[in-house]
1. Which one of Ile214, Pro161, Phe396 is farthest out on the positive end of the charge dipole of the chain, using unit charges on Cβ (Lys, Arg +1; Asp, Glu -1) and the Cα centre as origin?
2. Just add up the charged neighbours of Phe315: K/R +1, D/E -1, any other residue whose Cβ is under 14 Å from the Cβ of Phe315.
3. Could you work out how far helix 86-95 tilts from the main Cα principal axis of the chain, as a 0 to 90 degree angle to the nearest 10?
4. D for the chain, whole µm²/s, Stokes-Einstein with Kirkwood Rh over alpha-carbon pairs at 25 °C and 0.890 mPa s: what number?
5. Run the dipole for the stretch 513-582 about the Cα centre, Lys and Arg Cβ at +1, Asp and Glu Cβ at -1, nothing else charged, and hand back the magnitude in debye, nearest 20.
6. Given all pairs of different Cα atoms, what value in angstroms does the Kirkwood hydrodynamic radius of the stretch 269-422 take?
7. Report the one residue of Trp536, Val579, Ala562 whose Cα lies farthest in the direction of the positive end of the charge dipole of the stretch 494-582 (charges on C-beta: Lys and Arg +1, Asp and Glu -1; origin at the Cα centre).
8. Below 8 Å, C-alpha to C-alpha, sequence gap of six or more: please give me the relative contact order for the stretch 7-133 in percent.
Amino acid sequence: MEALKRLEYRGYDSWGVAFGEGPNLVKKSGRISGVSFADGEVAPAFAGLGHTRWATHGGVTDANAHPHLDCTGKIAVVHNGIIENWEELRRGLEERGHTFRSETDTEVVSHLVEEGMEGVADLAGFVEVVRRVFNQLEGLNAIVVYSPQIRAIIGFRNGSPMVVGVGPLDSRSGSPREYFLASDIPAFLPYTDRVIFLNDGEGAILSEGELKLIDAATGQEKLPQIEKIEWAAEEAELGEHPHYLIKEISEQPQVLARLAEYPEKDLKEVISLIKKSFGTYFTACGTAAHSGLAATYLFADLAHRHVNFAVGSEFYFLESFLTPKSLLICASQSGETMDTMEAARAAKKHHAKIVALTNVRGSSLTRLADDTLLLNCGPEKAVLATKSYTAKLALFLMLAAGIGGKLEEGRQGVAKAARGVKEILDDKNVAKIRELAKRLKDVDHLYAIGRGVNYPTALEAALKIKEVSYIHAEGFAGGELKHGVIALIEEGTPCLIFAARDKTESSILSNAKELKSRGGFIIGVSPEDNEVFDIWLKVPDVGPASPIVNVVPAQLLAYYLAVERGLDPDKPRNLAKSVTVK
Ligand code: F6R
């Protein structure tokens with residue numbers, strides 16, 4: 001139950017567990033956070049299978065929550081992904097007399113396993129059945145099947161993440177006392193830091209006192225490789241903070257200071273790949289995409305190099321440009337985002353090189369990439385990406401500076417930004433932003449503008465605000481205002497202006513004046529006050545690292561807008577942390 005709560009950031013529409021003999025089944029719509037063992041519904045057992053859901057097929061109902069049982073109620077299944085041929089499989093199963101209790105694609109797995117299990121009573125037979133069923137599924141999926149009769153849990157993955165946790169050793173037998181299977185490490189981090197990352201097309205069999213890995217295609221056994229994870233369990237806990245979002249915003253100075261010391265060898269390897277490539281492309285989704293867009297400006301300014309950028313979901317339509325000389329740089333906190341993964345798979349198909357910027361060692365992206373730079377931010381659990389965003393900006397800044405022959409300056413820029421973010425997080429500044437949030441909490445619209453490398457900052461500020469406060473917010477390039485956007489400005493419309501001390505300064509301040517003369521309420525994020533600002537949010541001047549510091553007041557504003565509006569900042573509606581479907 002505790003492990004599921006730690007995974008809730010991946011989906012929180014509904015939850016469910018199947019445990020012990022039977023198995024017993026409890027599943028409900030809504031969040032698991034408030035539920036505990038003490039409620040008595042879920043009891044200790046020798047094994048259990050749980051799930052928190054982010055709906056894809058079928059609405060948010062108790063019946064659609066996982067696990068899903070077969071007709072006999074003896075097989076329990078949880079699933080992540082989309083089974084593309086589920087309708088055809090379901091039709092066949094219904095014709096053969098199976099009764100479905102949900103509208104999900106997942107339930108076909110329980111019934112297919114049920115059919116295969118006729119006359120099967122041993123572990124080897126169960127493994128073979130689940131393996132065959134998994135191979136029948138089209139699309140990118142991870143499934144886990146539990147049979148209390150066989151006393152085993154079997155998981156297979158293809159495209160969706162799955163990791164095995166190997167529990168502490170029993171002093172008498174010398175073998176692990178327990179095993180875990182999860183879609184992300186924080187689930188079992190308090191119990192073990194020893195993990196096995198499953199590859200696509202692999203399965204794990206957890207039976208009493210034993211763990212085996214097998215190949216999904218051949219059924220052949222594979223040798224498990226246990227790795228030790230460096231994250232401390234406390235890093236994944238709230239500590240003194242009321243929400244993960246504010247905890248992670250506050251961690252940025254340490255994250256950035258650590259990144260400023262990034263091993264030279266690792267940066268230089270990627271710098272050399274970029275230099276050698278003929279065509280460098282960046283791809284990413286959502287917040288990560290904004291870091292990729294910022295990278296195009298950083299590379300132009302600091303490396304005098306043209307790089308291409310497209311969001312992950314659109315990259316697929318541009319893949320024909322790729323050749324074996326191309327380099328694709330994929331930025332993804334989770335390393336699991338389906339659209340980013342699809343772009344990486346397209347690059348692989350064209351024999352292009354791939355570099356991953358990710359926070360999760362062993363993630364799907366790192367397995368596909370030729371080289372990886374880890375963000376080293378510690379677990380990011382709030383649905384909103386914050387520290388992973390500034391970490392990606394820091395790495396892009398150092399890479400761009402390194403290509404321009406100024407790696408040391410790049411490092412100093414990041415170190416300066418680390419100190420700058422610390423200043424912004426000072427109690428007095430935070431209190432000012434909270435006051436601003438109180439004032440803005442009932443507005444309908446908010447606009448953010450920036451230019452150059454802070455145009456992506458405007459996009460990111462708007463995304464942070466809209467996804468957590470549900471206030472309609474849009475980001476624009478300052479120069480675009482007069483091409484249509486300015487029609488939206490009314491008396492009192494709040495406008496966030498990112499005015500860095502660079503070549504964009506005078507033109508963005510002119511844009512601010514244009515907004516103000518049409519009634520805009522101007523909030524300036526800038527190292528220096530200006531008469532056009534109604535409110536000034538001071539940020540230090542950190543040169544080319546300005547997008548790192550500029551985004552922080554917007555992150556804080558988004559957080560406090562959610563708090564002031566009585567919303568849960570860690571679990572915005574309709575969203576999930578890892579988007580592992582297309
Ligand atoms: C927004 C947010 C998302 C993610 C996006 C990509 O706050 O968190 O937009 O940035 O889903 O996720 P990753 O970086 O894991 O690929």
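1. Projecting each Cα onto the dipole axis, the largest value belongs to Phe396.
2. Net local charge, Phe315 excluded: 0.
3. Long axis of 86-95 versus the principal axis of the chain: about 30 degrees.
4. D, rounded to a whole number, is 98 µm²/s.
5. Numbers: 9 positive and 9 negative charges, 104 e Å.
Roughly 500 debye for the stretch 513-582.
6. It works out to 15.2 Å.
7. Val579
8. 22
The values are calculated or read from the model by the stated rules, or taken from the named source; none is laboratory data. Just so we're clear, the structure is a prediction, and the values are computed from it rather than from any experiment. A quick note on method: Cβ atoms are made from the backbone with ideal geometry, for glycine too, and the neighbour counts reach across all protein chains shown. When the accessible area is computed, the model is the full protein with side chains, heavy atoms only, and any ligands, DNA or RNA have been set aside. Shrake-Rupley method; radii C 1.70, N 1.55, O 1.52, S 1.80 Å.
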